[in-house]
Each structure stands twice: as C-alpha cells, then as structure tokens.
1. On a full-extension model of 0.36 nm per residue, what is the gain between D43 and R94, subtracting their alpha-carbon distance, rounded to one decimal in nm?
2. How high is the FRET efficiency between R152 and L64 when r is their beta carbon distance and R₀ equals 25 Å, given to the nearest 0.05?
3. Using heavy-atom solvent-accessible surface (probe 1.4 Å) with all chains present, what is the largest-first order of R92, R123, R128, R19?
4. Relative to 2.2 N^0.38 Å, what does the C-alpha radius of gyration of region 11-129 come to as a ratio? Two decimals please.
5. For A167 and K130, what does the FRET efficiency come to when R0 = 25 Å and r is the distance between their Cβ atoms, rounded to the nearest 0.05?
6. What list of ³J(HN,Hα) couplings, whole Hz, do you get for region 57-73 from phi and the Karplus terms 6.51, -1.76, 1.60, once you set θ to phi - 60° and write x for glycine and proline?
7. Taking the chain as a Gaussian network, Cα atoms linked when under 10 Å apart, which of V101, V28, V52 shows the biggest mean-square fluctuation?
8. How much net charge surrounds R13 when only the other residues with a Cβ under 9 Å from the Cβ of R13 are counted, with Lys and Arg +1 and Asp and Glu -1?
Amino acid sequence: PPCRLGLAVELARQMARPRGLATLDAAVRSGWCTTLDLQNAVDDQRGRRGIVGVRPLLALIDPLAESAMESEARLVMHDHGLPRPELQYLIRGRHDECWRVDFAWPQSRVAAEYDSVEWHAGRAAMLRDKARFAGIQDAGWTVVPIVVDDVRVAPALMCERIAGHLAR
C-alpha cells in the first residue's frame with residue numbers, strides 16, 4: 001500500500017544515512033515494495049526536509065542485505081570507493097561444502113563477514129566460525145572479518161584492509 005511506501009521514505013529521510021539505507025533495504029527485502037516504488041515515494045515527498053539525502057541512497061538499495069549493520073557496512077564501503085560487493089554470495093568448497101558470506105568480490109576471491117557479538121559468542125559459535133573460515137580459506141578465498149567498531153569507529157581502516165586484499 002502507498003502508506004507503507006511513504007513510511008519507509010519518511011523514516012529514511014529523518015535518519016542518518018546508514019540507518020536510512022538500512023530502512024530502505026529492509027522495505028524492499030520485506031516485499032512491501034520495489035526500488036521503483038521507493039523512487040516514486042521519494043518523488044512524492046519532493047521538497048520535504050531530508051529528502052535530498054534519501055535520493056542517492058536509492059541507487060544503493062539491495063534487498064539481499066539481511067541486517068541493518070550489513071547495510072551500514074556496505075554504505076561505508078561505497079563511501080570509501082570500494083567496488084560494490086555481491087551480497088549473500090555462495091562459496092563452494094573443495095568437498096562439496098557450501099558457505100554463504102555477507103559480502104563477496106568473486107573476481108578477487110575476497111569475502112567479508114560482519115560478526116556481531118550476539119550471533120558469534122560462545123564456544124559452539126566460535127568452533128563453527130573457525131571451521132567455516134578454514135573451509136572458505138581452503139577453497140582459495142580470503143575472509144575479512146568485520147565488527148561494529150570497524151563500521152562505526154574506524155571505517156577508513158576497515159576499507160583499507162579490504163582494498164588491500166582486493167589488490168592482491
């Protein structure tokens with residue numbers, strides 16, 4: 001419905017850019033609307049406070065973003081000139097294993113994974129993550145871990161790290 005479309009854009013225009021993009025990603029991911037629907041909603045809100053900041057985010061929307069922090073990390077990557085990653089990319093192992101990574105640059109065989117403390121805490125999670133990263137590395141990929149402080153406190157360093165791996 002139009003009220004949902006307007007709501008996503010209304011929220012995005014009142015938020016900081018990273019959360020605005022996360023809101024737009026979530027709106028498209030949820031199936032509420034398409035990017036074109038959001039473009040029309042932005043056009044309908046022409047002249048409203050904050051709408052100018054929402055327009056450039058439309059080109060960055062990706063319904064494959066699974067969390068607000070993935071959206072924020074992707075915006076940081078964009079702002080620092082990194083090539084656009086493929087989201088939720090499947091990497092095949094040498095023995096028919098399959099792992100899905102948050103961000104991938106397949107041509108360089110570089111993946112980045114956003115790790116939250118909540119999701120990756122505890123013995124079982126640590127063992128699972130180590131085995132997964134080892135398998136991905138065994139398949140010839142480099143995995144760059146990302147945490148909240150990389151995205152929000154030291155984004156330039158995070159992007160330098162990723163760029164370094166992409167250049168190799």
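The values are calculated or read from the model by the stated rules, or taken from the named source; none is laboratory data. Quantities reported herein were computed from a predicted structural model and do not represent experimental measurements. When we count neighbours, we look across all protein chains shown, and the Cβ atoms used for this are built from the backbone with ideal geometry, even at glycine. Remember, those area values only see protein heavy atoms, side chains included, never the ligands or the DNA or RNA. Shrake-Rupley method; radii C 1.70, N 1.55, O 1.52, S 1.80 Å.
1. Values: separation 51, 0.36 × 51 = 18.36 nm, distance 4.89 nm.
Here the segment from D43 to R94 would lengthen by 13.5 nm.
2. Numbers: r = 22 Å, r/R0 = 0.87.
The calculated FRET efficiency here is 0.70.
3. Numbers: R92 155, R123 180, R128 115, R19 90 Å².
Largest accessible area first, the residues go R123, R92, R128, R19.
4. Values: Rg = 16.5 Å, N = 119, 2.2 N^0.38 = 13.5 Å.
Against the compact-globule rule of thumb, the ratio is 1.22.
5. Values: r = 26 Å, r/R0 = 1.06.
Rounded to the nearest 0.05, the efficiency is 0.40.
6. Running phi through 6.51 cos²θ - 1.76 cosθ + 1.60 with θ = phi - 60° gives 6, 4, 6, 9, 4, 9, x, 7, 5, 9, 8, 4, 5, 5, 5, 4, 4 Hz.
7. V52
8. Numbers: positive: R48, R49; negative: E10.
Around R13, the charge tally is +1.
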